[in-house]
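Data block below; observations after.
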Ligand code: GLY
Ligand code: MN
Ligand code: MN
């Protein structure tokens, strides 16, 4: 945990931003996978973690802004629970580490909240993403479950997004740590990838790296020779000579901060000429975007800049034609790059996505586009010092999308479908790193790690 001042200051700032009423932050519970006692790995709610720091199930934080008090509802482990699981830190001691001293049994929470409802104290709560939380909110507040999404507090969402978006030095240290473990995962993938080894075998070993480092994976490992499908999960199929392996993985460290990196490398440890040509275009777009980071620039403009670099490279190779800027304005590049350049990163791999992309990645004056491609851009707003996010351009040869576009005669001024047909079995290339906005520009997170084609080949062959 961070110091208790960190958590107290975060809660004080939130209180000031909300001004009146009750802030209700339920933590997560254990959840059965296939029966009650066989549970999914416990993952605390990130907002609860941010304000209360306590990584255990069954807790709810109530901040009573009207009366300037903070109450943690939860229970000490019973002797029967200790009998099965062994001793754990007392809740009182963990709460004290977070600066919380008023602890009450969870059985008192429903009555407490019902009194607040009757006193017409406004109750601010966030959009739930687990059914159990919806049920709890519904019964505590007397709101039908189906109405909960319409009753969430936009004021609370905006206050939390504004606070969590700017990472403090102690948070950046944690993300650096998660990224370093993610680099270890990437190195393991490069070490293991060889003809005959299966995708699932490698993916399993990457998860082991994250767990051994004291945390877990920040999302299910994407390790695939079918990189043309953006989030294709591993299959028990053996790698073959000549293929490209796209590995998109992340570690969540012990403090639950995430890393999220992608590298694409050849099974044969050396790119073919065709693979290297595509790789270099992607890497050039990545580098151009990384060089553009600074406070005040709109990430949507960084995205479009990267798209223009991708289009320019594909025009040079003869896969696209015409003018790169015009091709991007028309959306023709989305055949090869149908998604966004990046997303916020922090306690969540897509940071705060449960609070709504409209609030996290966009603002009142910049709405998310509904156009193909841009509708998948999770971050569009102006960057501020302290923001942490990914840059992850790619070129994907999706034969199904190509066939559909060609049949519909889409963007024939900009796409050379005959040449694209030659890449039908190419797959996809993505390069992804994690960046911090500094006062004057950007800084890559984690220790130095190969990303150019030459550096990756050198690493594979070392
Ligand atoms: N790892 C999923 C993503 O990059 O968004
Ligand atoms: Mn990502
Ligand atoms: Mn990723």
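Compute the acute angle (0 to 90°) between the alpha-carbon long axis of helix 109-118 and the principal axis of greatest extent of the alpha-carbon atoms of the chain; round to the nearest 10°. Once rounded, the angle reads 80 degrees. The spacing between the stretch 144-165 and the stretch 213-239, judged by their C-alpha centroids, is 32 Å. If you take the square roots of the eigenvalues of the alpha-carbon gyration tensor of the stretch 399-444 and sort them as a ≥ b ≥ c, do you get rounded (a/c under 1.5), prolate (a/b over b/c) or oblate? Note, shape of the stretch 399-444 comes out prolate. Taking the centroid of alpha carbons for each part, the stretch 432-462 and the stretch 346-417 are 22 Å apart.
Using a 10 Å cut-off around each Cβ, can you sort 114, 405 from fewest to most neighbouring Cβ atoms?
By the 10 Å Cβ count, ascending, the order reads 114, 405.
Rounding to the nearest 10 and keeping the result within 0 to 90°, find how far the Cα-based axis of helix 4-18 lies from the longest principal axis of the chain. Roughly 90 degrees, rounded to the nearest 10. Could you tell me whether the stretch 23-150 comes out rounded, prolate or oblate from its Cα gyration tensor? Rule is a ≥ b ≥ c as square roots of the eigenvalues, rounded for a/c under 1.5, then prolate if a/b exceeds b/c, otherwise oblate. Since a/c reaches 1.5 but b/c is at least a/b, the shape of the stretch 23-150 is classed as oblate.
If contacts are Cα pairs under 8 angstrom and at least 6 residues apart, what is the relative contact order of the stretch 157-221 in percent? In percent, rounded to a whole number, it is 27.
So, in Å, what gap is there between the alpha-carbon centers of the stretch 245-316 and the stretch 318-343? That distance is 15 Å.
For the stretch 4-127, what is the relative contact order in percent, using Cα pairs closer than 8 Å and at least 6 residues apart in sequence? The value is 29 percent.
Using the alpha carbons alone, the radius of gyration of the stretch 358-420 stands to its Kirkwood radius in an Rg to Rh ratio of 1.11. Considering only alpha-carbon pairs that sit under 8 angstrom and 6 or more positions apart, the relative contact order computed for the chain is 14 percent. Among rounded, prolate and oblate, which fits the stretch 246-295 when a ≥ b ≥ c are the square roots of the eigenvalues of its C-alpha gyration tensor, a/c under 1.5 means rounded, and a/b larger than b/c means prolate? Cα axes put the stretch 246-295 in the oblate bin.
When 200, 101 are sorted by how many other C-beta atoms sit within 10 angstrom of their C-beta, beginning with the fewest, the order is 101, 200. Sorting 37, 55 by the number of Cβ atoms found within 10 Å of their own Cβ, with the fewest placed first, yields 37, 55. Label zone (residue 400, point 7 Å along Cα-to-C-beta; backbone nitrogen cut-off 14 Å) within the stretch 409-437: none.
Expressed as an acute angle from 0 to 90° and rounded to the nearest 10, what is the orientation of the C-alpha long axis of helix 131-141 relative to the principal long axis of the chain? Relative to the chain, helix 131-141 is tipped by roughly 30 degrees.
What the pair-distance distribution of the chain shows, using all Cα-Cα distances binned every 10 Å from zero, is 4, 19, 27, 24, 16, 8, 2, 0 percent. Its residue count N fixes a reference of 2.2 N^0.38 Å for the stretch 144-201, and the Cα radius of gyration divided by that reference is 2.00. Can you work out the FRET efficiency for the pair residue 421 and residue 447, with r the C-beta to C-beta distance and R0 = 25 Å, to the nearest 0.05? Efficiency at R0 = 25 Å is approximately 0.05.
Just so you know, all these numbers are worked out from the coordinates, no wet-lab data involved. The shown structure was predicted, so the numbers you read here are calculated from the model rather than taken from an experiment. Because the Cβ atoms are built from the backbone with ideal geometry, glycine has one as well, and the counts that use them run over all protein chains shown.
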